[in-house]
Amino acid sequence: MRILRLLGVGWLYHMKMISRSPFEGFGQVIYPLFFATVAFFVFRAGDSPRTLLYASLGAAVMGMWSATSTTAGAAMQRERWHGTLELLVGTPPHFALVLLPVTLAMATVGIYSLGATLLYGHFLFGIPLTIEHPLLFAAAILGTVLSFGALGFVFAVTFVRFRAAWALGNLFEYPVWLIGGFLVPLALFPDWVRPISWALAPTWGMNAIRQAALGGSSLDDLLACAGLGALYVGLGILLTERVLRSARVRASLSLS
Amino acid sequence: MAVVEAQDLHRTYRTHTGTLRRRVKEIEAVRGVSFDIEKGELFGLLGPNGAGKTTTIKMLITLLIPTAGSARVLGYDVVKDAREVRKRIGYVFGGERGVYERLSGYDNLRYFAELYGVPGKMQKQRIEELLELVGLKGREHERAEGYSRGMKQRLHVARGLLHDPEVLFLDEPTIGLDPVGARELRATIASLTDAGKTILLTTHYMFEADALCDRIAVISKGNIVAEGTPRQLKSRVESGSVTEVEVYGVPDETVERLRKLEGVLAVWVEEREQAQVLSVQTRADIQLTAAILGHLNGANVGRVSHREPTLEDAYVALVTAE
């Protein structure tokens with residue numbers, strides 16, 4: 001109970017901070033518009049409502065991923081600039097419990113990004129929003145957002161130790177758009193890319209969302225996505241103590 | 001058992017120089033610091049910038065791992081039992097950083113109350129009490145980005161006290177505050193010792209340490225160079241007199257020669273704007289002005305004056321001694 005409240009309060013205050021940032025707010029308005037436009041112009045040649053929805057969903061998850069991968073690094077960088085990283089590390093809870101709400105807040109912004117992209121696509125370009133299995137669709141979004149948060153958490157753990165790791169978050173942004181199959185089907189890529197795709201929760205989350213929306217079976221994909229998310233959280237927790245000890249040895253916590 | 005025990009603490013930082021040919025440079029920030037702080041005591045760590053005060057305090061609050069030596073707080077080892085130490089201590093850093101600017105003062109405190117495990121039912125009351133204590137009542141719902149430096153500093157103090165810790169570490173808490181704000185904060189610190197808290201205060205203001213601390217350790221270049229009550233430290237300088245000479249470019253060899261003069265107790269040089277001020281503390285029964293000026297032959301000499309020694313002289317002499 002105490003842990004849940006700690007996660008909830010942390011999530012609430014980090015959401016408050018994100019919502020009050022003019023820079024991040026502006027990005028959240030512009031990015032979904034950009035992604036929806038790209039999806040429409042890339043796929044309109046197909047001229048099929050299902051293809052357009054397929055593309056629109058891909059664009060929506062692109063926005064969700066961008067909101068998580070790039071901002072997890074930025075969030076840690078912000079903690080360094082504000083001098084609050086040391087304060088957080090100096091509190092009694094396991095640091096994973098302090099860090100998880102930060103990345104979950106980022107992933108929540110991703111849900112907004114997903115919704116905004118779909119709505120922009122619908123109202124500006126007339127992309128249909130017919131969801132075949134609404135409940136499974138909602139579950140797929142929730143599972144995907146949590147797994148994104150979990151992956152952002154692993155990133156954030158490394159950002160605590162390595163100051164320059166925020167740039168790595170940016171580096172991951174575009175390749176995952178491709179190898180996660182967000183816009184282009186995975187079948188178009190060489191065989192050696194596939195194992196990498198399978199190790200990424202976003203790939204399975206994307207599949208689950210598409211299957212639920214377009215009428216396929218999304219449960220297996222959703223389970224794979226959730227399983228990988230849980231694996232990321234476990235890995236992050238294992239890494240946290242080692243990373244923090246290393247940061248305390250190298251005196252890198254106070255550096256900005 | 002002492003509440004805080006530091007045993008031969010060392011801390012070395014590794015830094016890099018150069019871009020293409022990167023070289024590792026090691027800096028010894030703390031070189032064997034030992035002290036004990038008893039329950040209810042306000043212990044001052046006094047020293048100039050870069051003396052090793054913050055590094056020492058960061059080792060004690062578990063944010064840095066000592067390169068060598070050990071430290072215990074309330075019986076818990078700061079490396080092995082870091083979480084147990086964190087539950088029982090509060091700390092306050094000086095300066096404006098360490099505040100979530102986009103949150104209100106109240107939200108900052110609420111978040112840290114949760115992190116420090118203050119029970120939900122008690123949080124509101126505790127935060128209200130602390131806002132009253134630090135004088136932020138009425139401004140708590142404004143975003144912290146609009147707070148003055150002094151208000152942010154007081155918010156730091158409130159944050160450090162949220163979980164009613166037994167031991168408090170205050171790292172230059174009055175730095176950058178205006179005189180009135182600093183005086184109010186010192187009054188708050190004094191009231192905390194009255195409430196039975198054990199406090200380690202770092203400062204580079206002699207008068208602050210003198211006014212607040214039961215005991216003071218003077219730290220310079222990573223070593224403790226003197227330790228005692230303010231009275232004991234003052235007794236080092238109660239006799240003798242200080243000759244101050246305004247000079248422009250006094251060589252180190254001259255300072256060394258002056259130190260060796262019969263009757264000289266301490267010599268130090270301070271930079272003041274364009275000039276340097278050479279201070280020579282001598283025994284009261286000896287008049288050395290002519291000898292001092294004789295050694296300065298060749299240097300540009302300005303005003304010469306004599307005065308009684310102060311506690312600050314003891315501090316400056318300690319921290320500038322080679």
Whole-Å distance linking the alpha carbon centroid of the stretch B:65-105 with that of the stretch A:141-198 is 34
Per-residue Cβ contact counts at 10 Å, fewest first, order A:Met64, A:Met17, A:Met1 as A:Met1, A:Met17, A:Met64
In order over the stretch B:72-79: 3J(HN,Hα) from phi, Karplus 6.51/-1.76/1.60, θ = phi - 60°, whole Hz, x for each Gly or Pro, gives 10, 10, 6, x, 9, 6, 6, 9
Ranked by GNM mean-square fluctuation in chain B (Cα springs under 10 Å), the top entry among B:Leu161, B:Leu133, B:Leu233 is B:Leu133
Averaged over residues of A:248-255, the number of beta carbons from other chains lying within 10 Å of each residue's Cβ is 5
Residues A:Trp65, B:Trp268, A:Trp192 in order from fewest to most other beta-carbon atoms within 10 Å are A:Trp192, B:Trp268, A:Trp65
Rounded to one decimal in nm, the spacing of the 7 Å Cα→Cβ label points at A:Ser21 and B:Asn297 is 6.9
Residue span A:Leu238 to A:Arg163: 0.36 nm per residue of separation minus Cα-Cα distance leaves a gain in nm of 25.0 nm
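Which semi-axes, in whole Å and largest first, does the equivalent ellipsoid of chain B have when worked out from the alpha carbon gyration tensor as the square roots of 5 times its eigenvalues?
They are 41, 22, 20 Å, listed from largest to smallest.
To make sure I understand, if each residue's beta carbon is the centre and we count other beta carbons within 10 Å, what order do B:Val24, B:Val85 fall in, fewest to most?
B:Val24, B:Val85
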Treating only Lys and Arg (+1) and Asp and Glu (-1) as charged, each at its beta carbon, one finds that the protein assembly as shown has a dipole about its Cα centre, in Debye to the nearest 20, of 1260
FRET efficiency (B:Ala195, B:Lys121; Cβ distance; R0 22 Å; to 0.05) is 0.50
The set of residues whose placed amide H lies less than 5 Å from the amide H of A:Arg20, leaving out same-chain residues fewer than 5 positions away, is none
Expressed as a whole number, the average count of other chain Cβ atoms within 10 Å around the Cβ atoms of A:86-97 is 6
So, for the Cα atoms of the protein assembly as shown, Rg and Dmax in Å stand at 30.2, 105
Listed residues A:Ala74, A:Ala116, A:Ala199; largest mean-square fluctuation, Gaussian network over chain A with Cα springs below 10 Å, found at A:Ala199
FRET efficiency (A:Val184, A:Leu129; Cβ distance; R0 30 Å; to 0.05) is 0.85
Once B:Arg22 and B:Asp178 are pulled to full extension, the length gained, defined as 0.36 nm per residue separation minus their Cα-Cα distance, is 51.9 nm
Rounded to the nearest 500, the 222 nm mean residue ellipticity computed for the protein assembly as shown from DSSP H runs (n ≥ 4, each -39500 (n - 2.57)) alone is -17500 deg cm²/dmol
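Across peptide B:110-121, what mean number of C-beta atoms from other chains lies inside 10 Å of a residue's C-beta?
Other-chain Cβ atoms within 10 Å of each residue's Cβ, averaged: 5.
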If every Lys and Arg gets +1 and every Asp and Glu gets -1 at its Cβ, then about the Cα centre the stretch B:170-233 yields a dipole, in debye to the nearest 20, of 160
Two pseudo-spin positions, 7 Å from Cα along C-beta at B:Met1 and at A:Arg5, lie apart in nanometres by 3.0
With x for Gly and Pro, the residue-by-residue ³J(HN,Hα) of the stretch A:236-246, computed from phi through the Karplus equation 6.51 cos²θ - 1.76 cosθ + 1.60 at θ = phi - 60° and given in whole Hz, is x, 5, 4, 6, 3, 4, 5, 5, 5, 4, 4
Taking alpha-carbon centroids only, the stretch A:70-111 lies from the stretch B:172-243 a number of Å equal to 36
Taking R0 as 60 Å and r as the Cβ-Cβ distance between B:Lys260 and A:Leu33, the FRET efficiency 1/(1 + (r/R0)^6), rounded to the nearest 0.05, comes to 0.15
Phi angles of the stretch A:11-24, converted by Karplus (6.51 cos²θ - 1.76 cosθ + 1.60, θ = phi - 60°) into ³J(HN,Hα) in whole Hz with x for Gly and Pro, give 4, 4, 6, 6, 4, 4, 5, 5, 5, 9, 8, x, 5, 5
Within the set A:Ser19, A:Ser56, A:Ser66, GNM on chain A using Cα springs under 10 Å gives the largest fluctuation to A:Ser19
The set of residues whose placed amide H lies less than 5 Å from the amide H of B:Leu201, leaving out same-chain residues fewer than 5 positions away, is B:Phe43, B:Gly44, B:Leu45, B:Leu170
Among B:Lys197/B:Lys221; B:Lys87/B:Lys124; B:Lys39/B:Lys260; B:Lys53/B:Lys80; B:Lys137/B:Lys234, the pairs whose Cα-Cα distance exceeds 31 Å are B:Lys39/B:Lys260; B:Lys137/B:Lys234
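Each reported figure results from applying straightforward, stated rules to the coordinates on display, with no laboratory input. What you are looking at is a predicted structure, and each value in this text was computed from that prediction instead of being measured. We place every Cβ from the backbone using ideal geometry, glycine too, and count neighbours over all the protein chains shown.
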